[in-house]
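This report refers to the structure that appears directly beneath it.
The values are calculated or read from the model by the stated rules, or taken from the named source; none is laboratory data. Nothing here was measured: the structure is a model prediction, and the numbers come from that model. Using ideal geometry, Cβ is built from the backbone for each residue, glycine included, and neighbour counts are taken over all protein chains shown.
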Amino acid sequence: MAEARSVLVTGASRGIGAAIALDLARRGYDVGLNDIARQKDALEGVASEIAGMGRRAALHFADVSDKAAVDGMARGFLETFGKVDAIVNNAGILIAGEMDGLPEQVWDSVMDVNAKGAFMVIQAFLPAMKARGYGRIVNIASIGGKHGAPEQAHYSASKAAIMGFSRVLAQEVGPLGITVNSVCPGIILTDMGRVNLEDPAVRKAWQDKTAMARIGAPEDVAGPVAFFCSDDSAFVTGQTLNVDGGIVFS
Ligand code: NAP
């Protein structure tokens, strides 16, 4: 039997992260599940679903904006699974607020989790990927990092940062057998997505903006992520894929 592939998914207790973790387990991956400690019950729920599929799941509690915690998580993951095939940087936060008057601390929190968090998780896992000459890095950005919406300047900046450093990292690690790609979800019905969808008129407007005339589900994001985690995308790197039902066409 072929050796199982292993993947770390951050922010995996619910929403898009949970959908990605479950989908990858269904495809035969052993999964390291990360979230912050307050999501213990939810993360255990995802782990038991994965165990029910006959795959291994390990819990890795860490705030991705805390370097010591992230480094410890990487050590724990590698001890558990022996290697890392893929990482999916999905953990993210959205705190709405107009740029004028936005507290510096809110700017910093959003950048720290969304952009610096992905950077630190990548740094923690890169030595193991380089040593093996293999790796798949998938970063969850957002169409908000391309267009953005009012009250999301800092969120937009954090997601644009992810796309920017992913293109550079792809060039740095490409010769070592490691690919780096970004996925840009559109409007997806999750706890975070609801920020954009509370008002039915706003929800209808977003729905009407999509070519497919619907809001996305977390599971809609999982297939494209699985593609970038797999060897079907072996010659694809530094790319950004919109998964938005047709809102952004560039
Ligand atoms: P979600 O429902 O809010 O889930 C995000 C998960 O990440 C939560 O469990 C959250 O835990 C966790 N998390 C937050 N900060 C963390 C940290 N510092 N360390 C580890 N885990 C942390 O969000 P989602 O909608 O599934 O979004 C997932 C990703 O897709 C995010 O990067 C988001 O920006 C991106 N995205 C979402 C949409 C959308 O419409 N939903 C669109 C474009 C892009 P807590 O709740 O306890 O903080």
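Here are the numbers for the structure shown:
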item: Conditions (1) surrounded by fewer than 24 Cβ atoms within 10 Å (Cβ to Cβ); (2) hydroxyl-bearing (S, T, Y); (3) within 25 Å of D231 (Cβ to Cβ); number of the one not met by T10; result: (1)
item: Selection status of A170, away from the ligand (no atom under 16 Å from the Cβ), farther than 18 Å from N114 by Cα and in a loop (DSSP other than H, G, I, E, B); result: no
item: The lone exception for M99 - which of (1) over 21 Å from S166 (Cβ atoms); (2) in a helix (DSSP H, G or I); (3) in contact (Cβ under 8 Å) with a residue 12 or more places away in the chain it fails; result: (2)
item: Failed criterion for V183 (all others in (1) within 11 Å of the ligand (Cβ to nearest atom); (2) touching a Phe, Trp or Tyr at 6+ places or on another chain (Cβ under 6 Å) hold); result: (2)
item: Selected residue [surrounded by fewer than 24 Cβ atoms within 10 Å (Cβ to Cβ), within 12 Å of the ligand (Cβ to nearest atom) and among the charged types (D, E, K, R)] from D63, D71, D85; result: D63
item: Helices (runs of 4 or more DSSP H) lying entirely in region 187-239 (those with 2 or more residues that are near the ligand (Cβ under 10 Å from one of its atoms)); result: 194-197, 218-229
item: Single match in E104, E49, E3 (criterion: charged (D, E, K, R), modelled with pLDDT under 95 and surrounded by fewer than 24 Cβ atoms within 10 Å (Cβ to Cβ)); result: E3
item: Residue that is farthest from H60 (Cα to Cα) [pool: residues in region 124-146 that are away from the ligand (no atom under 16 Å from the Cβ) and assigned to a loop (DSSP other than H, G, I, E, B)]; result: G133
item: Some residue of region 23-35 being touching a residue at least 40 places away in the same chain (Cβ under 8 Å), near the ligand (Cβ under 10 Å from one of its atoms) and not in a strand (DSSP E or B); result: no
